[in-house]
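Trainee: Dropping the structure in here first, questions after.
The values are calculated or read from the model by the stated rules, or taken from the named source; none is laboratory data. In this text, all values refer to a predicted model and were calculated from it rather than measured experimentally. Glycine also receives a Cβ, built like all others from the backbone with ideal geometry; neighbour counts cover every protein chain displayed.
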Amino acid sequence: MSSDLRLGDDSGYEGDGPLLELDAVSKHFAQESGLFAGLQFEPDRFPPISMDPGTVQAVDDVSLEIQPGETLGLVGESGCGKSTLGRTILRLLEPTEGDIYFKGRNLADLGGEELRRMRSDMQMIFQDPQSSLDPRMKVGQIIEEPMRAHDMLDDEGREARAKELLEKVGLDPRHYNRHPHAFSGGQRQRINLARALSVDPDFVVCDEPVSALDVSIQAQVMNTMDELQAEFGLTYLFIAHDLSVIRYVSDRVAVMYLGHMVEVAEKEELFENPQHPYTKALLESIPVPDPRESGARGVLEGEVPSPQDPPSGCRFRTRCPRLIAPAAYDLTDEEWAHTRAFMRAVKRRTFEAMSADEMRREFFGGQPPGGEAGEIVTEAIDRIATDRGDAAVDEDDWDEASSLLLESFAERSICARERPAYRLESTVGSGEHFAACHLHR
Ligand SMILES: Nc1ncnc2c1ncn2[C@@H]1O[C@H](COP(=O)(O)OP(=O)(O)OP(=O)(O)O)[C@@H](O)[C@H]1O
């Protein structure tokens, strides 16, 4: 673990708790600016226009621990809040709510010299090695810059360290005086690594560090990062949207969806025994290399809702294939599956107008559910049936049928009413398995 590249006595972490702990951390942004951003039309008021800047709930109520020496992979679709979480941890963004503890200290309590030291302990590397390296600076200057900012070593010491780091990241120390444009993408990412390591951090947020690289280069850079982790005693938060990258680098994996953490488990456990429908859908959507096995597999239905107005309860529920039936109705699994599919089809208007009988056949095999649920389904069908007898079906009828179904079924599900959070036993791995899904209630 030790290296002569470790600086000073305060490097390393001797405590027995997590290196990093997030306690209910949120980061909300004021709505993106624009000429009409936030303008609301409210006909019942005078004047009928108001300004509600609104907020983007990029990260919402996230709790998480990262142990010393581990790599926690953070995965999720574009826009789910991964980068925002990484930046908030590093205090590049101020959290809206919640606490972040690093080495047992609340970052919000630190000031002056302590905060400065903590900042050098936590570094970040970014996706695009092209734009994060100043083209006017030489490689040596780039690597020495953070040391200079933190007043570490003298000129000679910095130069010696920069050259040693170049070698450690797999580059030639004689390239010290070159400019970054002379290097390939993979080499530039290695320069970034050397720069991040120059101040001897304990924790590095790696934000999509290999996403911009050719697949053939990705593994080489990830292997170097792995070697450096062992040598420097580093802890990584490794952000990626690519599950094969996550599988390659992680010890544990955290899955994010629309600002919430939906599942966290050891890597093997997460890949072999996923417990959240969103994780399952993500895993099933990994492209299969075998061309004989084609066709749609686990394609996620519908659009990701807006982080300005996220769904209540489980944020994935509007797209979830396992949405739980409201307890108020006595529905068989099959009846609920039909009702759910019909509700979604009406909401998304995925079918052409048809008669009531045709809808019953198409969505319910001719047999809608009985009881109160059946009455609601029948009312919705009648509202949009082409043979309903009065004026032609219009937009308002579709909207009303959709609202009736959503309010009666989706909004009454436990998935809409309560925020899920369950701790499960791991079956493949040994550690804790967190799944935010009411199927585990
Ligand atoms: N400064 C900001 N102001 C307003 N909204 C923001 C800001 N930064 C991020 N967002 C919004 O917060 C949400 C999360 O963005 P973030 O970049 O963290 O996601 P991500 O998972 O890292 O996505 P990607 O992989 O595309 O970078 C998005 O809806 C984004 O538009």
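Trainee: Might you check whether a residue that is among the hydroxyl-bearing types (Ser, Thr, Tyr), surrounded by fewer than 24 Cβ atoms within 10 Å (Cβ to Cβ), assigned by TED's automatic domain parsing to the domain that holds Ala196 and modelled with pLDDT under 95 occurs anywhere in the stretch 238-245?
Mentor: Pass one, the stretch 238-245, residues among the hydroxyl-bearing types (Ser, Thr, Tyr): 244.
Remaining after also requiring surrounded by fewer than 24 Cβ atoms within 10 Å (Cβ to Cβ): 244.
Going one step further and asking which of them are assigned by TED's automatic domain parsing to the domain that holds Ala196, we end up with 244.
This time we only want the ones that are modelled with pLDDT under 95, so: 244.
Scanning the stretch 238-245, I find at least one residue that is among the hydroxyl-bearing types (Ser, Thr, Tyr), surrounded by fewer than 24 Cβ atoms within 10 Å (Cβ to Cβ), assigned by TED's automatic domain parsing to the domain that holds Ala196 and modelled with pLDDT under 95, so the answer is yes.
Trainee: Which residue, of Ala327, Ala373, is on the phi < 0 side of the Ramachandran plot and either at pLDDT below 95 or not in a helix (DSSP H, G or I) (or both)? Explain how you work it out, then say what you get.
Mentor: Working: Ala373 fails: either at pLDDT below 95 or not in a helix (DSSP H, G or I) (or both).
When all the criteria are applied, what remains is Ala327.
Trainee: Checking the conditions here, which among Glu432, Glu407, Glu425, Glu400 is free of Cβ contacts under 8 Å to residues at least 24 places away in the same chain, touching a strand residue (DSSP E or B) at 6+ places or on another chain (Cβ under 9 Å), surrounded by fewer than 17 Cβ atoms within 10 Å (Cβ to Cβ) and acidic (Asp, Glu)?
Mentor: Numbers: Glu432 fails: free of Cβ contacts under 8 Å to residues at least 24 places away in the same chain; Glu407 fails: touching a strand residue (DSSP E or B) at 6+ places or on another chain (Cβ under 9 Å); Glu400 fails: touching a strand residue (DSSP E or B) at 6+ places or on another chain (Cβ under 9 Å).
Sole residue among the options that is free of Cβ contacts under 8 Å to residues at least 24 places away in the same chain, touching a strand residue (DSSP E or B) at 6+ places or on another chain (Cβ under 9 Å), surrounded by fewer than 17 Cβ atoms within 10 Å (Cβ to Cβ) and acidic (Asp, Glu): Glu425.
Trainee: In the set Glu379, Glu407, Glu411, Glu395, which member is at pLDDT 95 or above and either over 35 Å from the mean Cα position of the chain (by Cα) or farther than 30 Å from Asp61 by Cα (or both)? Give the steps one after another, and end with the answer.
Mentor: Details: Glu407 fails: either over 35 Å from the mean Cα position of the chain (by Cα) or farther than 30 Å from Asp61 by Cα (or both); Glu411 fails: either over 35 Å from the mean Cα position of the chain (by Cα) or farther than 30 Å from Asp61 by Cα (or both); Glu395 fails: at pLDDT 95 or above.
Just a single option satisfies the conditions, and that option is Glu379.
Trainee: If you scan the stretch 253-268, which residues turn out to be surrounded by 24 or more Cβ atoms within 10 Å (Cβ to Cβ) and farther than 15 Å from Asp61 by Cα?
Mentor: Residues satisfying the conditions are Val253, Ala265.
Trainee: So for the stretch 68-86 (the condition being within 28 Å of Val249 (Cβ to Cβ), of a type in the set (Lys, Arg), buried (at least 18 other Cβ atoms within 10 Å of the Cβ) and within 19 Å of the chain's Cα centre (by Cα)), does at least one residue qualify? Lay out the reasoning, then the answer.
Mentor: Here is the first cut: in the stretch 68-86, the ones within 28 Å of Val249 (Cβ to Cβ) are 68-86.
With of a type in the set (Lys, Arg) added as a condition, the list becomes 82.
Still in the running and buried (at least 18 other Cβ atoms within 10 Å of the Cβ): 82.
Okay, now just the ones that are also within 19 Å of the chain's Cα centre (by Cα), so 82.
Checking the stretch 68-86: at least one residue is within 28 Å of Val249 (Cβ to Cβ), of a type in the set (Lys, Arg), buried (at least 18 other Cβ atoms within 10 Å of the Cβ) and within 19 Å of the chain's Cα centre (by Cα).
Trainee: What about Gly86, is it in contact with a helix residue (DSSP H, G or I) (Cβ under 8 Å, 6 or more places away or on another chain), under 26 Å from Phe271 (Cβ atoms) and not aromatic (Phe, Trp, Tyr)? First the steps, then the outcome.
Mentor: Details: in contact with a helix residue (DSSP H, G or I) (Cβ under 8 Å, 6 or more places away or on another chain): no; under 26 Å from Phe271 (Cβ atoms): yes; not aromatic (Phe, Trp, Tyr): yes.
So Gly86 fails the test.
Trainee: Select from the stretch 15-59 the residues that are of a type in the set (Asp, Glu) and at pLDDT 75 or above and list them in ascending order.
Mentor: From the stretch 15-59, those of a type in the set (Asp, Glu) are 16, 21, 23, 32, 42, 44, 52; that's our starting set.
Listed by number, the residues that qualify are Asp16, Glu21, Asp23.
Trainee: Being part of a helix (DSSP H, G or I), modelled with pLDDT under 95 and surrounded by 19 or more Cβ atoms within 10 Å (Cβ to Cβ): is that true of Arg158 here? Even if it seems obvious, please write down each step before you answer.
Mentor: Details: part of a helix (DSSP H, G or I): yes; modelled with pLDDT under 95: no; surrounded by 19 or more Cβ atoms within 10 Å (Cβ to Cβ): yes.
Answer is no for this residue.
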